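Structure first, then comments.
The values are calculated or read from the model by the stated rules, or taken from the named source; none is laboratory data. Please read these numbers as outputs of a predicted model, since none were measured by experiment. So basically every Cβ, Gly included, is an ideal-geometry build from the backbone, and we count neighbours across all protein chains shown.
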Amino acid sequence: MSRHYDSLETRAPEARERDQFARLAAHIAQAKANAPYFTRLLKDVNPGDVRTRADLARLPVTRKSSLVELQKAAPPLGGLTAVPLGKLARIFQSPGPTYDPEGYGKDWWRLARALYAAGFRQGDVLHNTFAYHFTPAGVMLESGAHALGCAVVPAGTGQTELQVRAIGDIRPTGYAGTPSFLKIILEKAREMGADVSSLKRALVAGEALPPQLRADLSAFGVDVYQCYATADLGLIGYESEARDGLIVDEGLIVEIVRPGTGDPVQSGEVGEVVVTLFSAEYPLIRFATGDLSAALPNPSPCGRTNMRLKGWLGRADQTTKVRGMFVHPAQIADVLKRHPEIKKARLVVDQENGKDAMTLLAECTVPPAGLADQIAETIQAVCKLRGAVSFVALGNLPNDGKVIEDRRKPS
C-alpha cells in the first residue's frame, strides 16, 4: 500500500506550481462571474494576467476578521459564494457568528489526505469527538473518513464516561478531536478500569500539541498526528510520519505575508497565512486567515514535496488601543512603505509615567540625518498619534511576525 495518498503529493514542486497557476485564471474568472463580492473586489483584474506568485500578490486580500461585517451587509454569506444557497450541501454557524458553506461532493473539506498521512486506511473505525452542532468540524472529519472507506462513531464533544464506554464497546481503531480531550478520555478510562487499547492512532486539531502532551498520549499507545484546518478553508496543512512541519494541502495555494498587508515576506520569515482555495462553491482568493506561521525550507523527508509550514505561531491581528485610539498593523505597513530605508520594524507600546507611549523600532543600514524625525511625522500623520523612532541593527528584531508589540501590563 502506498505511503502517499496520491501522486499529487510527490510531484515536482515546479510541476505543482505550473499546474496550480494554469488553473488559477479560470478560477478567478469563475469567482468574478458568480460571486458578487469578488465581482466587485476584482473588477479591475484580468484573470489571464495572474500567472505567477508575484501576479497573485498584487491582488487584494480578504480578511477572515471582515467576514462578520461582510455577512451582515449581504446576508448570510457576504456574496462570497458562487452558487445559490439552495445548491449548497450545508450551511454552518461558527463563533462570531460567521456562516460557513459546504458544497456537494466527496471529501469536500479534503480531510482524507490528513487522515491517510496519520495512518488511517479503509476499514478503520474513527471515534470522532469534533462537534457536530452548528460548526463543521465533525462533518469535516467524517467526510474525510468516509472518503477513505472508514466507519465513523459520531461521538461529538463532552460526556467523557459515555465516550469511554463507546470506545470500549465499539473498539474503534482511531480518534479525531482535540489532543487535550483525548488525554482526558484515556485518563478516565484508566480510572474506570475500561479497556480502550483499540485506539492506536489519532488526528488532532483545534489547539496546540506541545511535545509533553504528545509524549503523554504516546505512553497510552496512541500515535498522534496533527493537522491545521479551518471552517472556511477546510484542510490547510497536515503532519506526516516525518513530523517535521505541516505539509500544505494540494487543493490550495498558501502565501506568507507581512501582517496588515498583502505583501509576501522573505522565505523563512514569520507572517500571516493567506490562502487561495480552489473551490467552485466558495472561491476564496487571497483569504487572510489571521494566523501566523512561516515556510520551512526544503521538502519533507517523507517524500511529499509541497510547501511546509512551521505550525501555528500566533495571531496576526495585533491591533491595539493607544490613548483611546486603535493602531493597526496596516498603518505600520503604510509607514514603512513611505520610508523604503526601513527594512523591518515593529511598534512597541509601553507606558511612561503612567501614560501610553509608542516607539517604532526600525531596522536600517545607515539612517540618513533627519530620517527619525521624518518617520515620526509619518507616524503622526498615519496613526494620528505621536511616536518615537529608534534605529536598530539589521537582523536585531526577532523573527516572530509581530508588527505591534504591546508591553503594557494589564491593570
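Brief remarks on what is shown
- Tally of residues being closer than 18 Å to P329 by Cα and in a loop (DSSP other than H, G, I, E, B) across segment 369-378: 0
- Close pairs (9 angstrom Cβ cut-off, 6 or more residues apart or separate chains): closer than 17 Å to P101 by Cβ in segment 20-45, in a helix (DSSP H, G or I) and among the β-branched types (V, I, T) anywhere: A31/T39; F38/I28
- Test: residue in segment 180-196 that is touching a residue at least 12 places away in the same chain (Cβ under 8 Å), of a type outside the set (K, R), within 19 Å of D124 (Cα to Cα) and outside any helix (DSSP H, G or I): yes
- Of all residues in segment 101-114, those that are over 24 Å from N306 (Cα atoms) have Cβ atoms under 7 Å from Cβ atoms of residues that are among the charged types (D, E, K, R), 6 or more apart or on another chain, in P101/E281; E102/R90; G103/E281.
- Evaluated against (1) assigned to a loop (DSSP other than H, G, I, E, B); (2) at pLDDT 95 or above; (3) within 22 Å of Y132 (Cα to Cα), E161 falls short on exactly one condition, (1).
- Counted residues, segment 60-76 - those being within 20 Å of the chain's Cα centre (by Cα) and crowded, with 18+ Cβ neighbours inside 10 Å: 5
- First in segment 133-147 and over 18 Å from Q93 (Cβ atoms), second anywhere and charged (D, E, K, R) and part of a helix (DSSP H, G or I), Cβ under 8 Å, 6 or more apart: G144/R113
- Verdict on T10 being at pLDDT 95 or above and exposed (fewer than 15 other Cβ atoms within 10 Å of the Cβ): no
- Among residues of segment 379-395 that are assigned by TED's automatic domain parsing to the domain that holds L361 and part of a loop (DSSP other than H, G, I, E, B), those with a beta-carbon under 6 Å from a residue that is aliphatic (A, V, I, L, M) and surrounded by 15 or more Cβ atoms within 10 Å (Cβ to Cβ) at least six positions away or on a different chain give the pairs L385/V322; G387/M358; G387/L360; G387/I379.
- Residue check for T173: buried (at least 17 other Cβ atoms within 10 Å of the Cβ), of a type in the set (S, T, N, Q) and closer than 30 Å to F278 by Cα: no
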